[in-house]
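The values are calculated or read from the model by the stated rules, or taken from the named source; none is laboratory data. As the structure is a computational prediction, the values presented were derived from the model and not from experiment. Note: ideal-geometry Cβ built from the backbone for every residue, glycine included; neighbour counts use all protein chains shown.
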Amino acid sequence: MDWITGIQRAIDYIEEHITDKIDYEEVGKCAYSSSFHFQRVFSVICGYTVGEYVRNRRLSLAGEELANQKSKIIDVALKYGYSTPESFSRAFTKFHGVMPNQVKSGATLKSFSRLSVKLTLSGGSIMNYRIEKKEAFNVLLKKKRFEKQEEMTTEKIADFWKECTQDGTIEKICGHISKNNIFKNCILGISFDDNSKYDFPYGIGTHCEPDAKEEGFEVVTIPENTFVVFQCVGVMPEAFKKVYKYICTEFFPASEYQPCGIEIEAYPSADVKNPQYTCEIWIAVTKK
């Protein structure tokens with residue numbers, strides 16, 4: 001996977017459609033990736049989501065347009081995706097620190113520049129990983145589906161985990177942990193790319209026996225795969241983001257492998273603020 005070319009293609013697509021409704025699935029395709037995977041990689045590398053990039057670029061361009069052209073505020077608001085002058089004014093003021101009607105008076109504006117991907121010398125990092133070849137196995141999951149065409153944020157996944165913790169889902173999952181659990185009794189977060197045109201599923205669950213049953217849950221067979229496994233140590237989610245950034249920016253560009261659709265997060269407990277907290281990231285891979 002050519003990440004440099006892919007990310008630049010995705011950015012170019014966004015810029016070419018900056019005044020349109022952004023199709024996040026198409027953005028992912030430009031980066032030779034799924035919508036979910038690209039958005040996750042983008043937010044880890046850049047420090048902000050694709051949606052935040054789009055909003056900041058629109059508001060930056062809107063400021064330039066109001067300052068340099070004889071445009072009406074309502075026309076600029078509609079052009080950059082705001083249904084009313086009021087919603088545009090709130091977003092504009094939050095971003096620039098001044099109201100749209102102050103621009104003509106020479107108010108100071110903020111600029112958010114277009115991203116450009118450049119190849120830089122990096123690497124030299126040492127991180128342990130292992131290769132696990134696994135036959136097909138079953139997982140008991142509570143699934144939630146997210147729209148592919150919409151913005152995906154880590155907050156949406158975090159809210160799903162919070163919901164499952166509060167409604168007793170995690171407790172029920174713990175009752176189905178397999179005796180021969182290949183994830184050392186961990187609770188799993190699993191990202192799928194099931195080729196659905198409209199959405200992608202994310203599941204929270206555990207490795208289970210084939211005959212496991214629980215109302216409101218699914219038993220899903222994870223097909224035979226080769227996984228590359230990384231250990232993540234430290235306070236979450238900062239430690240997770242650091243490892244995931246390494247995986248995306250250093251490991252995959254330099255390795256013989258590329259991700260192929262399934263990612264598994266293996267969490268041993270809820271003690272995520274412990275500096276010694278240790279979890280694992282399993283990514284299904286194929287050779288390039």
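Structure data summary
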| read-out | value |
| --- | --- |
| Subset of region 265-284 that is more than 18 Å from GLN39 (Cβ to Cβ) and touching a residue at least 60 places away in the same chain (Cβ under 8 Å) - its residue that is surrounded by the most Cβ atoms within 10 Å (Cβ to Cβ) | ALA266 |
| Counted residues, region 25-36 - those being part of a helix (DSSP H, G or I) and crowded, with 22+ Cβ neighbours inside 10 Å | 4 |
| Selection status of GLU238, surrounded by fewer than 14 Cβ atoms within 10 Å (Cβ to Cβ) and in contact with a strand residue (DSSP E or B) (Cβ under 6 Å, 6 or more places away or on another chain) | no |
| Residue that is modelled with the lowest pLDDT [pool: residues in region 152-163 that are within 13 Å of the chain's Cα centre (by Cα) and of a type outside the set (S, T, N, Q)] | MET152 |
| Residues (among the aromatic types (Phe, Trp, Tyr) and not in a strand (DSSP E or B)) located in region 236-264 | PHE240, TYR244, TYR246, PHE251, PHE252 |
| Residue identified as surrounded by 10 or more Cβ atoms within 10 Å (Cβ to Cβ), on the phi < 0 side of the Ramachandran plot and at pLDDT 90 or above among GLN149, GLN166, GLN102 | GLN102 |
| Filtered residues of region 52-99 (kept if of a type in the set (A, V, I, L, M) and in contact (Cβ under 8 Å) with a residue 40 or more places away in the chain) | VAL54, LEU59, LEU61, ALA67 |
| Residue count, region 265-288 (criterion: out of contact with any Asp or Glu (no Cβ under 8 Å at 6 or more places or on another chain) and part of a strand (DSSP E or B)) | 4 |
| Residues that are modelled with pLDDT of 80 or more and among the hydroxyl-bearing types (Ser, Thr, Tyr), drawn from region 179-204 | SER191, TYR202 |
| Some residue of region 45-65 being modelled with pLDDT under 90, surrounded by fewer than 17 Cβ atoms within 10 Å (Cβ to Cβ), aromatic (Phe, Trp, Tyr) and closer than 30 Å to TYR202 by Cβ | yes |
